[in-house]
Amino acid sequence: MKSTTDFLKMKQAGEKIAMLTAYDYPQAKLAEEAGVDMILVGDSLGMVVLGYDSTVPVTTNDMIHHTKAVKRGAKDTFIVTDLPFMTFHISKEEALRAAGKIMQESGAHAVKIEGGGEVVETIRALTNAGVPVMGHLGLTPQTAGVLGGYKVQAKTAEAASELIEEAKKCEEAGAFAIVLECIPHQLGKEVASQINIPVIGIGAGPDTDGQVLVFHDVVTFGVDRVPKFVKKFADIDFEASAGIGKYVVEVKSGVFPDLQQHTFEMKQEELSSLYG
Ligand code: KIV
Ligand code: NA
């Protein structure tokens with residue numbers, strides 16, 4: 001299993017880090033078998049798995065439940081779990097309690113925490129307590145309500161230099177890596193060159209130290225609309241709906257199950273005594 005120092009070495013060697021979300025046992029198994037370097041149990045699970053229209057309703061117990069399933073599927077992969085909405089703003093104590101609970105009950109190796117300056121001291125407190133922390137700047141979905149939706153962030157010089165400062169503060173506070181979401185590609189490159197910890201981009205261009213995408217977006221699985229930064233690498237919806245459609249047709253027409261192929265038989269002598 002790779003560790004936080006391995007990710008740092010990968011950045012130094014210019015070797016890209018491939019990160020993917022996963023929310024359950026089969027997804028985690030697929031991710032690990034494909035050679036994903038790091039799995040994120042994202043609170044995006046609220047939207048892509050649970051069908052909420054934002055990440056706000058996701059709870060610490062939801063994150064634990066899904067991380068446990070991911071752990072069982074990817075025993076040899078570094079797992080980062082999101083700290084959900086409102087678990088790390090009220091106080092540092094609450095953030096420590098939530099992160100401690102997630103790590104002890106689910107086996108996550110690290111937590112991810114959205115935000116800039118306002119969470120820097122929390123990142124420091126978590127790191128000091130032994131919790132590896134991944135930062136998350138740019139588009140932060142938990143605050144989409146305040147940002148006015150899911151839009152490209154830090155497009156002005158002023159906002160960009162603020163983001164660079166925040167990335168430096170996250171590094172200084174002890175974060176082992178940061179996610180940059182939905183920002184101009186030039187800024188993704190700039191941040192990756194100005195800080196020493198790995199920068200994992202999602203919609204942040206090709207020059208970050210790695211990429212992360214949502215499992216369901218990568219394989220087209222139950223998602224209605226995907227952002228511009230997503231590339232469709234497979235089409236599970238197409239395969240699955242064709243298969244399920246055939247299943248329904250064959251059940252109704254009696255083609256499935258086939259008497260020879262899919263059924264079990266009782267010996268003739270047993271049958272005779274059954275019928276007396
Ligand atoms: O929840 C999530 O999936 C995320 C990534 C998209 C970075 O936070
Ligand atoms: Na998230």
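What follows is calculated from the coordinates using simple rules that are stated; it is not laboratory data. Being a predicted model, the structure only gives us computed values, none of them experimental. Cβ coordinates were reconstructed from backbone atoms using ideal geometry, including for glycine residues, and neighbour counts include every protein chain displayed.
Mind checking which of V131, T220, S44 is farthest towards the positive end of the chain's charge dipole, using Cβ charges of +1 (Lys, Arg) and -1 (Asp, Glu) about the Cα centre?
V131
For the chain, what is the calculated [θ] at 222 nm in deg cm²/dmol (nearest 500), taking -39500 (n - 2.57) for each run of four or more DSSP H residues and dividing by its residue count?
Details: 12 runs with 122 residues, N = 276.
Using -39500 (n - 2.57) per qualifying helix, the result is -13000 deg cm²/dmol.
Taking the Cα centre of the stretch 4-234 as the origin, how large is its charge dipole in debye, to the nearest 20, when only Lys and Arg (+1) and Asp and Glu (-1) carry charge on their Cβ atoms? Display every interim value, and only then the final one.
Details: 22 positive and 29 negative charges, 80 e Å.
Taking the Cα centre of the stretch 4-234 as origin, the dipole is about 380 debye.
Within 10 Å, count the other beta carbons around each residue, average over each peptide in 263-270, 152-159, 221-228, and list them highest first. Mind dumping the intermediate values first?
Values: 263-270: 7.8, 152-159: 14.1, 221-228: 12.0.
Packing order, densest peptide first, comes out as 152-159, 221-228, 263-270.
Between N128 and T5, what length comes free when the chain is fully extended (0.36 nm per residue of separation minus the Cα-Cα distance, one decimal in nm)? Walk me through the numbers before you get to the answer.
Numbers: separation 123, 0.36 × 123 = 44.28 nm, distance 1.68 nm.
That works out to 42.6 nm of additional length.
Once the Cα gyration tensor of the stretch 82-213 is diagonalised, what are the square roots of 5 times its eigenvalues, in whole Å and ordered largest first, as equivalent ellipsoid semi-axes?
Details: eigenvalues 113, 48, 35 Å².
Over the Cα atoms of the stretch 82-213, the semi-axes work out to 24, 16, 13 Å.
In this model, which of K29/K252; K2/K71; K168/K231; K9/K228 are farther than 26 Å apart at the alpha-carbon?
Numbers: K29/K252 34 Å; K2/K71 15 Å; K168/K231 30 Å; K9/K228 30 Å.
The answer is K29/K252; K168/K231; K9/K228.
Can you give the extra length, in nm with one decimal, that the chain gains between S253 and Q268 once fully stretched, where that is 0.36 nm per residue apart less the Cα-Cα distance?
2.6 nm
Given 0.36 nm per residue, what is the gain on full extension from F238 to L147 after removing their alpha carbon distance, in nm?
Details: separation 91, 0.36 × 91 = 32.76 nm, distance 3.41 nm.
Full extension from F238 to L147 adds 29.4 nm.
Relative to the longest principal Cα axis of the chain, at what angle does helix 236-253 sit, 0 to 90 degrees, rounded to 10?
20 degrees
Beyond 22 Å, what percent of the Cα pairs of the chain remain? Intermediate results must be reported in sequence, preceding the final value.
Values: 22624 of 37950 pairs.
It works out to 60 percent of all Cα pairs.
Along the charge dipole of the stretch 75-193, Cβ charges K/R +1 and D/E -1, which of G117, S161, F85 sits furthest on the positive end?
Result: F85.
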